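K.L.:
Pasting a structure below so you can have a look.
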């Protein structure tokens, strides 16, 4: 009887651990955000003069790769860099791939995305077509059922914003808090966003050591027959947003006291270096 009584709690514990297990990237679960070194203008141009140059080459996963084409758990448990949806197609990184960088100061967290996309398609929706959906879990605990803030932005004929879940915060403002531009020659779309403490329901400025959960879902639509709208996505932990809203599925961002060394400017070959000619 004593042996039986000991085994039962152990089995219950193992069952509970298995049930609570949450998939995490083994190499890109944590993003260590640098402090910004230069003024940033939210215009979607990602100029080197704003300090973006070198960030993507400096902040890397534990395997030494940048936050570009990051794997995530797709529906059914498969690990993908792009998840097709609703009859969508995907032909590799030249079809659709997301790279991103994050820097911060006490007043804002700045997020920049360079999205390789062979065709830009958006019929006027904040998520149904080429667009960016962002989820923020402001405590960094990444527990199930936690409060999350959801902001969706897109570029059609004009910029589109859907402040989906602000929890009483004022929400993002077009051309003040975010901008999106398309470089058709390079087949790239650039997103630039500023998130203030108020946007996350915080009363204090951002500071070194602050951690928060983040999910980025970059939706893809194409121009071909049957390919309009949300036909797949890439990003960083996009399942925070798609197929339900799941705060426990965010990645973790940590604000560090590190900066990008100015003297390293001419020593780095960067993704951002070619983003000066934006159409």
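The values are calculated or read from the model by the stated rules, or taken from the named source; none is laboratory data. No experiment lies behind these values; they were computed from the predicted model shown. Cβ placement follows ideal geometry from the backbone for every residue including glycine, while neighbour counts extend to all protein chains displayed.
K.L.:
Is there a residue in the range 147-160 that is under 25 Å from residue 31 (Cβ atoms), touching a residue at least 24 places away in the same chain (Cβ under 8 Å), surrounded by 15 or more Cβ atoms within 10 Å (Cβ to Cβ) and over 18 Å from the mean Cα position of the chain (by Cα)?
P.N.:
no
K.L.:
Can you name the residue in the range 61-76 that is in contact (Cβ under 8 Å) with a residue 40 or more places away in the chain and not in a strand (DSSP E or B) and is also farthest from the chain's Cα centre (by Cα) among such residues?
P.N.:
Across the range 61-76, the extreme among qualifying residues is 75.
K.L.:
I would also like to ask the following. Conditions: (1) at pLDDT 95 or above; (2) more than 21 Å from residue 182 (Cα to Cα); (3) out of contact with any helix residue (DSSP H, G or I) (no Cβ under 8 Å at 6 or more places or on another chain); (4) surrounded by 18 or more Cβ atoms within 10 Å (Cβ to Cβ). Residue 64 meets all but one. Number of the miss?
P.N.:
(4)
K.L.:
Now, a different point. Considering the range 232-251 alone, what residues qualify as being part of a loop (DSSP other than H, G, I, E, B) and either in contact with a strand residue (DSSP E or B) (Cβ under 6 Å, 6 or more places away or on another chain) or within 18 Å of residue 76 (Cβ to Cβ) (or both)? Step through it out loud before you land on a result.
P.N.:
Taking the range 232-251 first, the residues part of a loop (DSSP other than H, G, I, E, B) are 237, 241-246, 250.
237, 241, 242, 243, 244, 246, 250 - these are the residues of the range 232-251 that are part of a loop (DSSP other than H, G, I, E, B) and either in contact with a strand residue (DSSP E or B) (Cβ under 6 Å, 6 or more places away or on another chain) or within 18 Å of residue 76 (Cβ to Cβ) (or both).
K.L.:
Let me ask something additional. Going by the structure shown, is residue 54 surrounded by 21 or more Cβ atoms within 10 Å (Cβ to Cβ) and more than 15 Å from the chain's Cα centre (by Cα)? If you could, list the steps in order and put the result at the bottom.
P.N.:
Details: surrounded by 21 or more Cβ atoms within 10 Å (Cβ to Cβ): yes; more than 15 Å from the chain's Cα centre (by Cα): yes.
It is true that residue 54 is surrounded by 21 or more Cβ atoms within 10 Å (Cβ to Cβ) and more than 15 Å from the chain's Cα centre (by Cα).
Here is a yes/no grid of residues against (1) at pLDDT 95 or above; (2) within 21 Å of residue 58 (Cβ to Cβ); (3) part of a loop (DSSP other than H, G, I, E, B):
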{"site": "92", "(1), (2), (3)": "yes, no, yes"}
{"site": "100", "(1), (2), (3)": "yes, yes, no"}
{"site": "109", "(1), (2), (3)": "yes, yes, no"}
{"site": "112", "(1), (2), (3)": "yes, yes, no"}
{"site": "141", "(1), (2), (3)": "yes, no, yes"}
{"site": "144", "(1), (2), (3)": "yes, no, yes"}
{"site": "150", "(1), (2), (3)": "yes, no, no"}
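K.L.:
Quick one: is residue 125 surrounded by fewer than 23 Cβ atoms within 10 Å (Cβ to Cβ) and at pLDDT below 95? Let's see the steps before the verdict.
P.N.:
On the way: surrounded by fewer than 23 Cβ atoms within 10 Å (Cβ to Cβ): yes; at pLDDT below 95: yes.
Yes, satisfied.
K.L.:
Would you check if there is a residue in the range 23-30 being modelled with pLDDT under 90 and either exposed (fewer than 14 other Cβ atoms within 10 Å of the Cβ) or part of a loop (DSSP other than H, G, I, E, B) (or both)?
P.N.:
First, the residues of the range 23-30 that are modelled with pLDDT under 90: none.
No, because not a single residue in the range 23-30 is modelled with pLDDT under 90 and either exposed (fewer than 14 other Cβ atoms within 10 Å of the Cβ) or part of a loop (DSSP other than H, G, I, E, B) (or both).
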